[in-house]
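What follows is calculated from the coordinates using simple rules that are stated; it is not laboratory data. In this text, all values refer to a predicted model and were calculated from it rather than measured experimentally. Ideal geometry is used to build each Cβ from the backbone, glycine not excepted, and the neighbour counts take in all protein chains shown.
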Amino acid sequence: MGVIMRIYKATDYTDMSRKAANIISAQIIMKPNCVLGLATGSSPIGAYRQLVEWYHKGDLDFSEVRTVNLDEYKGLHREDQQSYYYFMNDNLFRHINIDLANTNIPNGMADDSLAECRRYDNIVHSFGGIDLQLLGIGHNGHIAFNEPDIAFEKSTHLVSLTESTIQANARLFDRIEDVPTHAYTMGIKNIMQAKKIVLVVSGEEKADIVRDAFLGPVTPNVPASILQMHNDLTIVGDGAALSKLNI
Ligand code: F6R
């Protein structure tokens with residue numbers, strides 16, 4: 001099968017979110033018990049909001065949908081407002097008719113990290129893989145918590161957060177000691193095995209990394225560049241984020 005890279009240019013964040021939500025809803029309509037790989041961060045929030053709106057209109061049914069999230073901080077309880085579990089409930093799950101038993105996020109409080117990584121990989125495996133993986137991209141080209149120089153062949157693993165990530169997160173916590181230093185993340189291997197990938201990106205500050213990731217060489221220095229090798233990748237970006245792709 002050949003490599004397909006589709007690029008959808010949106011006028012702004014709202015348009016980007018609606019276009020991405022359209023693809024996700026098509027997936028749910030085509031396969032009601034599909035496996036969605038989900039992301040946190042500011043990029044997908046608008047798409048989640050749009051999906052919630054369509055759910056309320058009666059256009060979408062999540063009752064059989066299964067989800068696996070990309071990542072979670074180690075050491076944070078689900079109830080912690082900074083946890084990705086909290087984020088997913090707050091932005092999506094509690095607004096729709098998804099069965100929480102069908103949602104999966106790494107357990108930040110697991111005692112045995114290695115066992116937690118294997119448990120998570122087994123979930124993805126038992127689902128028969130991910131039908132559609134939603135992704136954002138970091139300023140340094142990271143996807144999930146796969147930071148530059150990551151080994152492409154990794155599956156779920158524990159990462160040490162870089163000092164700059166810890167400092168950036170510090171504003172969200174009362175005390176620096178409370179800022180997580182480690183996180184669980186799906187690896188590039190899990191992501192690349194997804195049947196379809198949809199990457200959402202907005203804002204001028206991401207234009208350079210979008211160019212490097214999708215026009216530059218495939219290199220572990222820019223983890224997202226591996227997506228060039230995926231056979232069903234859709235990039236949905238606003239004009240500012242795509243401005244250096246020459247399209
Ligand atoms: C989120 C994740 C991260 C973000 C990336 C972009 O689950 O894994 O890789 O997708 O940091 O974040 P935003 O969208 O906030 O710019």
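Projected label points at N246 and Q82, each 7 Å from Cα along the beta carbon direction, are separated by 4.3 nanometres.
Helix content alone sets the calculated 222 nm mean residue ellipticity of the chain: runs of n ≥ 4 DSSP H residues at -39500 (n - 2.57) each, divided across all residues, give -9000 deg cm²/dmol.
Relative contact order of the range 1-87: what whole-number percent is it, with Cα pairs under 8 angstrom and at least 6 residues apart? Show your work: numbers first, answer last.
On the way: 79 pairs, mean separation 24.2, N = 87.
Taking the mean separation of contacting Cα pairs over the length of the range 1-87, I get 28 percent.
Report for the chain the percent antiparallel among DSSP-assigned beta bridges with both residues inside it, nearest 5.
Details: 9 of 32 bridges.
Just about 30 percent of them are antiparallel.
Here the relative contact order of the chain, from alpha carbon pairs under 8 Å that lie six or more residues apart, stands at 26 percent. Here the chain is described by how far its Cα atoms reach on the three principal axes: 46, 42, 37 Å, from widest to narrowest.
Put in order of Cβ neighbour count within 10 Å, fewest first, the listed residues H142, H77 become H77, H142. If the segment from E53 to H182 were pulled out straight at 0.36 nm per residue, it would be longer than the present Cα-Cα gap by 43.0 nm. Taking 20 Å as the straight-line reach from the Cα of K9, the lysines in range (excluding those fewer than 8 positions away in the same chain) are K19, K196, K206, K244.
With the simple spin-label model, which puts each label point 7 Å out from Cα in the Cβ direction, the I166 to K154 separation comes to 1.7 nm.
I'd like the projected area of the range 85-139, averaged over all directions, using the convex hull of its alpha carbons. Report it in nm² with one decimal.
Numbers: hull surface 21.2 nm².
Directional mean of the projected Cα hull area for the range 85-139 stands at 5.3 nm².
When the square roots of the Cα gyration tensor eigenvalues are ordered a ≥ b ≥ c, the ratio a/c for the range 168-247 is 1.5 or more and a/b does not exceed b/c, which makes its shape oblate.
Is the range 40-91 best put as rounded, prolate or oblate by its Cα gyration tensor, with a ≥ b ≥ c the root eigenvalues, rounded for a/c under 1.5, and otherwise prolate when a/b is larger than b/c, oblate when not? Prolate, because a/c is 1.5 or more and a/b exceeds b/c. The relative contact order of the range 143-227 comes to 40 percent, based on Cα pairs under 8 Å that sit 6 or more residues apart.
Evaluate the range 108-247: find the radius of gyration of its Cα atoms, find its Kirkwood radius, and give the ratio Rg to Rh.
Working: Rg = 15.9 Å, Rh = 16.1 Å.
Ratio of gyration radius to Kirkwood radius for the range 108-247: 0.99.
Our estimate of slack between N140 and D90, defined as 0.36 nm per intervening residue step minus the Cα-Cα distance, is 15.3 nm.
In terms of its C-alpha gyration tensor, the range 53-130 has an oblate overall shape, because the principal axis ratio a/c (a ≥ b ≥ c, square roots of the eigenvalues) is not below 1.5 and a/b does not outweigh b/c. The GluC sites (Glu not before Pro) found in the range 7-108 that occupy coil by DSSP, while having at most 14 further C-beta atoms within 10 Å, are E64, E79. Under the convention that each Lys and Arg Cβ holds +1 and each Asp and Glu Cβ holds -1, the size of the dipole of the chain around its Cα centre is about 740 debye.
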